[in-house]
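Below you'll find the structure, written out as structure tokens, and then a few comments.
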Amino acid sequence: MAGWLRGIALLVYLGLALAGPASADGPGKQFKRVTDAPTFTSPDGEIRLKQYARDMGDDGLLFQFWTFDRAGKHGALLNQGETTDAAGYQAGFRFSPDSRWLVRMQKIGSGTHTLHLYKRAGDRFVPATEKPLGEAAWDFFYTQPPAAGVRRDPDDPYTLDHMQVGLIKGLEDNYAWLDQHWPDSRYLVIGLSFDIQGEETPFPWVEDWRCVYDLKTGTFSVPASFAEHNQKAQKTPDPARK
């Protein structure tokens with residue numbers, strides 16, 4: 001019996017040891033601070049965000065994004081479990097004015113960008129959506145009239161040429177420059193673009209087609225005031241190109 005209990009204890013110990021790095025207070029020794037990446041600080045001054053990277057050989061660099069409290073303690077990893085496919089580049093970040101939300105602007109390939117959304121949970125941030133916010137934005141776009149005629153792979157709808165999802169500037173002042181009068185820290189304005197560069201048979205595309213994401217309800221919409229801009233964002237191929 002004693003030997004069996006010792007065996008169970010050893011297994012538990014090994015399990016905790018293997019799980020340790022995921023709950024560590026900072027990156028391991030294999031990850032180095034990215035010296036040319038700025039430290040992002042929440043508007044309330046309580047959270048600091050820093051970037052670290054590890055050379056993965058042929059796979060390139062793997063980036064980790066860590067948040068700390070104002071004393072540089074209680075580290076929390078934002079992008080746990082991600083590989084170089086999702087975190088192979090430095091990222092940009094924006095906090096909402098009330099410091100409750102964090103947007104990660106992530107390059108994922110040549111001419112391809114997406115967004116990730118996190119929500120405040122005490123002294124750290126956790127994912128706010130089940131999939132990257134960028135993918136959710138494309139899912140919404142595909143339900144809208146401008147998506148008519150867009151040919152996409154039903155098994156992988158995020159493989160159009162040079163797909164880009166960007167956070168439109170203005171989050172820090174609730175998009176005052178767009179002449180909006182929205183509640184504080186309520187909406188994100190998102191722009192979507194792709195092209196048909198690699199397509200043999202052309203079809204419509206968009207350049208900075210805009211929608212908003214409601215942080216309170218977790219839903220997308222297109223305000224009526226965006227109609228003129230979005231009309232110009234819709235592009236059609238030259239009839240001469242076949």
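Checked against (1) surrounded by 16 or more Cβ atoms within 10 Å (Cβ to Cβ); (2) under 24 Å from residue 111 (Cβ atoms), residue 153 meets all criteria but (1). Of all the listed residues (180, 231), the sole one being of a type in the set (S, T, N, Q), assigned to a helix (DSSP H, G or I) and out of contact with any Cys (no Cβ under 9 Å at 6 or more places or on another chain) is 231.
Within the stretch 130-142, the set of residues being surrounded by fewer than 19 Cβ atoms within 10 Å (Cβ to Cβ) and within 22 Å of residue 199 (Cα to Cα) comprises 135, 139, 142. Restricting attention to the stretch 191-228, the residues that are of a type outside the set (A, V, I, L, M) and either in a strand (DSSP E or B) or surrounded by 19 or more Cβ atoms within 10 Å (Cβ to Cβ) (or both) total 13.
Apart from one condition, residue 33 fits all of (1) at pLDDT below 95; (2) over 27 Å from residue 174 (Cβ atoms); (3) surrounded by fewer than 17 Cβ atoms within 10 Å (Cβ to Cβ); the exception is (1).
Would you say residue 50 is within 25 Å of residue 129 (Cβ to Cβ), among the charged types (D, E, K, R) and either buried (at least 17 other Cβ atoms within 10 Å of the Cβ) or in the same structural domain as residue 171 (by TED's automatic domain parsing) (or both)? Spell out the reasoning first.
On the way: within 25 Å of residue 129 (Cβ to Cβ): yes; among the charged types (D, E, K, R): yes; either buried (at least 17 other Cβ atoms within 10 Å of the Cβ) or in the same structural domain as residue 171 (by TED's automatic domain parsing) (or both): yes.
Yes.
Residue 208 passes every criterion in (1) over 17 Å from residue 223 (Cβ atoms); (2) in contact with a Gly (Cβ under 6 Å, 6 or more places away or on another chain) apart from (1). What residue, among those in the stretch 128-162 that are more than 23 Å from residue 78 (Cα to Cα) and among the small types (Gly, Ala, Ser), is modelled with the highest pLDDT? This residue is 147. Output yes when any residue across the stretch 207-225 is farther than 27 Å from residue 100 by Cβ, out of contact with any strand residue (DSSP E or B) (no Cβ under 6 Å at 6 or more places or on another chain) and modelled with pLDDT under 95, and no when none is. For the stretch 207-225, residues farther than 27 Å from residue 100 by Cβ, out of contact with any strand residue (DSSP E or B) (no Cβ under 6 Å at 6 or more places or on another chain) and modelled with pLDDT under 95: absent.
Taken over the stretch 191-217, residues that are in contact with a helix residue (DSSP H, G or I) (Cβ under 9 Å, 6 or more places away or on another chain) and either over 24 Å from residue 106 (Cα atoms) or of a type in the set (Gly, Ala, Ser) (or both) amount to 3.
Every residue, every condition in (1) surrounded by fewer than 15 Cβ atoms within 10 Å (Cβ to Cβ); (2) on the phi > 0 side of the Ramachandran plot; (3) in contact with a Lys or Arg (Cβ under 6 Å, 6 or more places away or on another chain), yes or no:
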position: 68; (1), (2), (3): no, no, yes
position: 82; (1), (2), (3): no, no, no
position: 88; (1), (2), (3): no, no, no
position: 93; (1), (2), (3): no, no, yes
position: 99; (1), (2), (3): no, yes, no
position: 102; (1), (2), (3): no, no, no
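Please verify whether the stretch 157-171 includes one or more residues that are closer than 30 Å to residue 25 by Cα, part of a strand (DSSP E or B) and either outside the structural domain of residue 46 (by TED's automatic domain parsing) or free of Cβ contacts under 8 Å to residues at least 24 places away in the same chain (or both). Let's see the steps before the verdict.
Taking the stretch 157-171 first, the residues closer than 30 Å to residue 25 by Cα are 167, 171.
With the extra rule that they be part of a strand (DSSP E or B), the set shrinks to 167.
From what is left, the residues that are either outside the structural domain of residue 46 (by TED's automatic domain parsing) or free of Cβ contacts under 8 Å to residues at least 24 places away in the same chain (or both) are 167.
Checking the stretch 157-171: at least one residue is closer than 30 Å to residue 25 by Cα, part of a strand (DSSP E or B) and either outside the structural domain of residue 46 (by TED's automatic domain parsing) or free of Cβ contacts under 8 Å to residues at least 24 places away in the same chain (or both).
Within the stretch 156-175, the set of residues being over 17 Å from residue 112 (Cβ atoms) and either buried (at least 16 other Cβ atoms within 10 Å of the Cβ) or not acidic (Asp, Glu) (or both) comprises 168, 169, 170, 171, 174, 175.
For the stretch 142-156, what are the residues that are in contact with a Ser or Thr (Cβ under 8 Å, 6 or more places away or on another chain) and assigned to a strand (DSSP E or B)? Result: 153, single match.
The values are calculated or read from the model by the stated rules, or taken from the named source; none is laboratory data. Small disclaimer: the values here were computed from a predicted structure and weren't measured. Every residue, glycine among them, receives a Cβ derived from its backbone with ideal geometry; neighbour counts consider all protein chains shown.
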